[in-house]
1. Quick check: is even one residue across segment 121-129 on the phi > 0 side of the Ramachandran plot and not assigned by TED's automatic domain parsing to the domain that holds residue 28?
2. Quick check: anything in segment 170-181 touching a helix residue (DSSP H, G or I) at 6+ places or on another chain (Cβ under 8 Å), buried (at least 20 other Cβ atoms within 10 Å of the Cβ), farther than 23 Å from residue 142 by Cβ and touching a residue at least 12 places away in the same chain (Cβ under 8 Å)?
3. All but one of (1) exposed (fewer than 12 other Cβ atoms within 10 Å of the Cβ); (2) modelled with pLDDT under 90; (3) outside the structural domain of residue 217 (by TED's automatic domain parsing) hold for residue 286; state the number of the condition that does not hold.
4. Quick test of your reading of the structure: residue 120 fulfils all but one of (1) within 26 Å of the chain's Cα centre (by Cα); (2) surrounded by fewer than 18 Cβ atoms within 10 Å (Cβ to Cβ); (3) modelled with pLDDT of 55 or more. Name the failing condition by number.
5. Got a sec? Which of 18, 7, 61 is surrounded by fewer than 20 Cβ atoms within 10 Å (Cβ to Cβ) and at pLDDT 90 or above?
6. For segment 1-27, give me the residue count where each residue is in a loop (DSSP other than H, G, I, E, B) and touching a strand residue (DSSP E or B) at 6+ places or on another chain (Cβ under 8 Å).
7. Only one of (1) farther than 27 Å from residue 151 by Cβ; (2) crowded, with 19+ Cβ neighbours inside 10 Å is not met by residue 231, so which one is it?
8. Does segment 306-316 include one or more residues that are within 41 Å of the chain's Cα centre (by Cα) and not in a helix (DSSP H, G or I)?
């Protein structure tokens, strides 16, 4: 839905408290225009946590942020971001390493399990805890996907930066085949997937609202974003859904089909009479006045035909 909400903070025993982890994360993420960052900032404000001034910082699109907070080196982001920085992601149960097949704890119980959507926090090279958040699937997603597949014969792919387990859960809920699910897809990977689909001859429409989606939006044949999406996503998109509802995508497709039909009609209305008139002029001759009427008349008729949807919409609004 894009309505991300933080639901809790888990910390490693014997290290920082919940308040300290949340304060460092919120301080690092302040003024970052990313839905998760904004959700963390809101949660910290609700909890009355103190926000520290942020020193030098480096934001990695699709990964996380590294910042100096109160003299400490703080990393906030994905598991990949922290592991690439050399941070060991210890489980909250003693020092059991996470993300391994031999995990002793069921996925549903382990706080740092891939089952959950998490943002990880490290300080001075040591893993401190994770912030758990939820981003529910839009209620209109399932009916929309069914209609796109059945009525339009479209192939729907899921590209997400979430881990594979979470991605498969969402795909199962939306009945998207596993072969069309792309987990842990960061900005470059999303763009590569879109490019590969285009190269095999497919016409690709990409729907995204985040800064992480901007590259993929640029490569797609048709790019769609939302009114409450990031500035970059809105600027890059060919179509912006102003009511932030995915169902509007069907309306956009209908408008596009109607526009295409109007263009075809106008082409026939203009080219047809002019070709006939040209045939008469080159054989038996044609009076200049008649030629003018044919030429200008067809252009006026095409113009009036183009206004037809607008008039119909106004009439429907009145009734």
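1. Within segment 121-129, not a single residue is on the phi > 0 side of the Ramachandran plot and not assigned by TED's automatic domain parsing to the domain that holds residue 28.
2. no
3. Failed condition: (1).
4. (2)
5. Details: 7 fails: at pLDDT 90 or above; 61 fails: at pLDDT 90 or above.
So the residue among 18, 7, 61 that is surrounded by fewer than 20 Cβ atoms within 10 Å (Cβ to Cβ) and at pLDDT 90 or above is 18.
6. Narrowing segment 1-27 to residues in a loop (DSSP other than H, G, I, E, B): 1-4, 12-17.
Right, trim to touching a strand residue (DSSP E or B) at 6+ places or on another chain (Cβ under 8 Å) and you get 2, 4, 12, 15-17.
Summing the residues that are in a loop (DSSP other than H, G, I, E, B) and touching a strand residue (DSSP E or B) at 6+ places or on another chain (Cβ under 8 Å) in segment 1-27 gives 6.
7. The single condition residue 231 does not satisfy is (2).
8. The first filter runs over segment 306-316 and keeps only residues within 41 Å of the chain's Cα centre (by Cα), leaving 306-316.
Checking which are not in a helix (DSSP H, G or I) leaves us with none.
No, that holds for no residue.
The values are calculated or read from the model by the stated rules, or taken from the named source; none is laboratory data. Predicted model, so just to flag it, every value in this text is computed and none were measured. In this analysis, Cβ positions are derived from the backbone assuming ideal geometry, glycine residues included, and neighbour counts consider all displayed protein chains.
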